[in-house]
Amino acid sequence: MVGIVDYGMGNLRSVQKAFEHIGEKAIVSGEKDVLDTCDRLVLPGVGSFGQGMEELQKRGLDTYLKERSKRTVILGICLGMQFLLSRSFEDGEHEGLDFVHGQVVKFKEGKIPQIGWNSVHGLKGPLFDGIEEGSDFYFVHSFYADTTDEFAIAKTDYHVEYASAVQSGNVYGVQFHPEKSGFVGIRLLKNFLKVECI
């Protein structure tokens, strides 16, 4: 069973529906005892980094996720991926969960936010099993992950090359929305269900 972490923000129902579509039970909860019953966790997100981190901290979910990551596979989606980094410079400077060393910074060129389909390349790891190099996923974001190749498991070009998917131990993150990305997004979610703990 998948636990979708509810901290008061994010596209919770659309992510839940995507898992239900592939026959996987998914529950939405911000209660730690409920999330404890789940085999793996998803951290979705839409909105601002600072407010989102504040809500996670208020509920004690920041420390909870760090503890669960030692024994549970976790997937951050969109803002949920950005939370995984060390810090963000969206509306000031805010500390992140620091699973992935790096920072979240704003695009300086192009139409902002980036909205629509874009390709991913340099695919690595089990999350992308059976997904072709250069596959298109659906993006909506104004900020991106500035991190190193050590953590990047996929990259995307939008006036700058950036990490559109990351991994650190049992924790994965994708900047795009798999639940809105058609067949390849569904394939990625199926792969997530098969990823084994390190």
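The values are calculated or read from the model by the stated rules, or taken from the named source; none is laboratory data. What you see is a predicted model; the values in this text were computed from it and never measured. Cβ atoms come from the backbone with ideal geometry, glycine included; neighbour counts cover every protein chain shown.
Got at least one residue in region 45-62 being assigned to a strand (DSSP E or B) and modelled with pLDDT of 95 or more? No: zero hits. Taken together, the residues in region 153-198 that are assigned to a loop (DSSP other than H, G, I, E, B), among the polar types (S, T, N, Q) and under 18 Å from GLN82 (Cα atoms) amount to 2. Just one of the listed residues (GLU95, GLU109) is of a type in the set (Asp, Glu), touching a residue at least 40 places away in the same chain (Cβ under 8 Å) and in contact with a strand residue (DSSP E or B) (Cβ under 8 Å, 6 or more places away or on another chain), namely GLU95. Of the strands (runs of 3 or more DSSP E) that lie entirely inside region 67-119, those containing 1 or more residues that are touching a Ser or Thr at 6+ places or on another chain (Cβ under 9 Å) span 85-88, 100-106, 114-119. Taking the conditions (1) under 16 Å from PRO178 (Cα atoms); (2) without any contact (Cβ under 8 Å) to a residue 60 or more places away in the chain; (3) surrounded by fewer than 19 Cβ atoms within 10 Å (Cβ to Cβ) in turn, HIS159 satisfies each one other than (1). Inside region 26-43, residues that are surrounded by 13 or more Cβ atoms within 10 Å (Cβ to Cβ) and either at pLDDT below 95 or not in a loop (DSSP other than H, G, I, E, B) (or both) make up a count of 11. Exactly one residue among GLN175, GLN167 is under 18 Å from CYS78 (Cα atoms), of a type outside the set (Val, Ile, Thr) and in contact with a Ser or Thr (Cβ under 8 Å, 6 or more places away or on another chain), and that residue is GLN175.
Check region 102-117 and report whether any residue there is among the acidic types (Asp, Glu) and either within 17 Å of the chain's Cα centre (by Cα) or closer than 24 Å to LEU56 by Cβ (or both). Reasoning before the result, please.
Filtering region 102-117 down to residues among the acidic types (Asp, Glu) leaves 109.
Now drop any that are not either within 17 Å of the chain's Cα centre (by Cα) or closer than 24 Å to LEU56 by Cβ (or both), which leaves none.
No, every residue in region 102-117 fails to be among the acidic types (Asp, Glu) and either within 17 Å of the chain's Cα centre (by Cα) or closer than 24 Å to LEU56 by Cβ (or both).
Restricting the first member to region 141-152 and to residues that are in a strand (DSSP E or B), and the second to residues that are of a type in the set (Lys, Arg) and modelled with pLDDT of 95 or more, the beta-carbon pairs closer than 9 Å and six or more apart or on different chains are PHE143/LYS106; TYR144/LYS106; ALA152/LYS124.
State yes or no: is GLY23 in contact with a Lys or Arg (Cβ under 9 Å, 6 or more places away or on another chain) and in a loop (DSSP other than H, G, I, E, B)? So that I can check it myself, show each step before the final result.
On the way: in contact with a Lys or Arg (Cβ under 9 Å, 6 or more places away or on another chain): no; in a loop (DSSP other than H, G, I, E, B): yes.
When the stated conditions are applied, GLY23 does not pass them.
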